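Peer 1: Sharing a structure below in structure tokens format, with a few things to ask.
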Amino acid sequence: MNLRASLIVASLLPIGVLMTFILMRLFGIDANIVALSGIAIAIGVMVDIGIVDVENILRHLEMPENKGIRGKKLLQVIYQATTEVRAAVVTSIATTIVSFLPYLLCRLRRENSFILLPLQKHLLFFLAFILGIVVLPTLVHIFFNISFDTKKIRKIWNVILIAGGLVFAFFWQMWPALANYFGWYQ
């Protein structure tokens, strides 16, 4: 229920996939359906890393002693929260990578097109790990260092939504349908 946290986790996905395509291009890996399915499978790991880290950071930021902090204190809280869950995240990624190593090694021996799936997954797991360690805490620091006046923003959005609803109703001529529905028009 935190828009900033959702934007941070959602922004990791295109960054990770873009980095994977760049590395695929550098290593000469074709982007066929098997390689793309490896990316689709590994996106779940990227989301998991982001959610675990961001949720723990949010938990730390909601503590009474950390309400409204900015600057270096925010950076310290982010560091503390990410290091708290880093061992679990590393174990999760390492377990997944190790479980796919036999499949990768068997496919390397045969040299067929199905090598791309485990190769893509391992590449994306590595990139997800790097993004989770480097980019995610940086994005959290940037996004949560900005302060908003929530009452003013809520009033502005209410006015915008009401005006948008009236414009929608006027241009799509829903007044007769609404009048008929409520019994105003016979």
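Peer 1: Limiting things to C-alpha atoms, what are the Rg and the maximum Cα-Cα separation (Dmax) for segment 13-92, in angstroms?
Peer 2: Both quantities, over Cα of segment 13-92: 17.0, 52 Å.
Peer 1: Counting pairs of alpha carbon atoms under 8 Å apart in space and at least six apart in sequence, what relative contact order in percent does the chain give?
Peer 2: Computed over the chain, the figure is 33 percent.
Peer 1: What's the carbon and sulfur percent of the chain's accessible surface, probe 1.4 angstrom, rounded to a whole number?
Peer 2: The computed percentage sits at 69.
Peer 1: Right, here's the next one. Efficiency by 1/(1 + (r/R0)^6): what FRET value for Ala31 and Ala10, r their Cβ-Cβ distance, R0 = 22 Å, to the nearest 0.05?
Peer 2: 0.45
Peer 1: Mind giving me the FRET efficiency for Phe168 and Leu3? R0 is 25 Å, r the Cβ-Cβ distance, nearest 0.05 is fine.
Peer 2: E between Phe168 and Leu3, to the nearest 0.05, is 0.60.
Peer 1: Please compute the per residue accessible area over the chain with all protein chains in place, 1.4 Å probe, rounded to a whole number of Å².
Peer 2: Normalised by residue count, the accessible surface of the chain is 67 Å².
Peer 1: Order of 19-28, 130-139 by packing, highest average Cβ count within 10 Å first?
Peer 2: 130-139, 19-28
Peer 1: Cross-link partners among aspartates and glutamates for Lys121, C-alpha distance below 16 Å, same-chain residues fewer than 8 apart left out?
Peer 2: Reachable aspartates and glutamates: Asp30, Asp48.
Peer 1: Modelling each spin label as a point 7 Å along the Cα-to-Cβ direction, I'd like the Thr91/Thr138 distance in nm, to one decimal.
Peer 2: With each label placed 7 Å out from Cα toward Cβ, I get 2.9 nm.
Peer 1: In degrees between 0 and 90, to the nearest 10, how far off the longest principal axis of the chain does helix 72-110 point, with axes built from Cα atoms?
Peer 2: The answer is roughly 50 degrees.
Peer 1: Under 28 Å from the Cα of Lys151, which lysines turn up, not counting those fewer than eight places away in the same chain?
Peer 2: Of all the lysines, those that pass the test against Lys151 - Cα under 28 Å, at least 8 places apart if same chain - are Lys67, Lys72, Lys73.
Peer 1: Angle, helix 150-171 long axis vs. longest principal axis of the chain, Cα atoms, 0 to 90°, nearest 10?
Peer 2: The answer is roughly 70 degrees.
The values are calculated or read from the model by the stated rules, or taken from the named source; none is laboratory data. The structure displayed is predicted, hence computed values, not measured ones. We place every Cβ from the backbone using ideal geometry, glycine too, and count neighbours over all the protein chains shown. Keep in mind that these areas ignore ligands, DNA and RNA; they rest on the heavy atoms of the full protein, side chains included. Shrake-Rupley method; radii C 1.70, N 1.55, O 1.52, S 1.80 Å.
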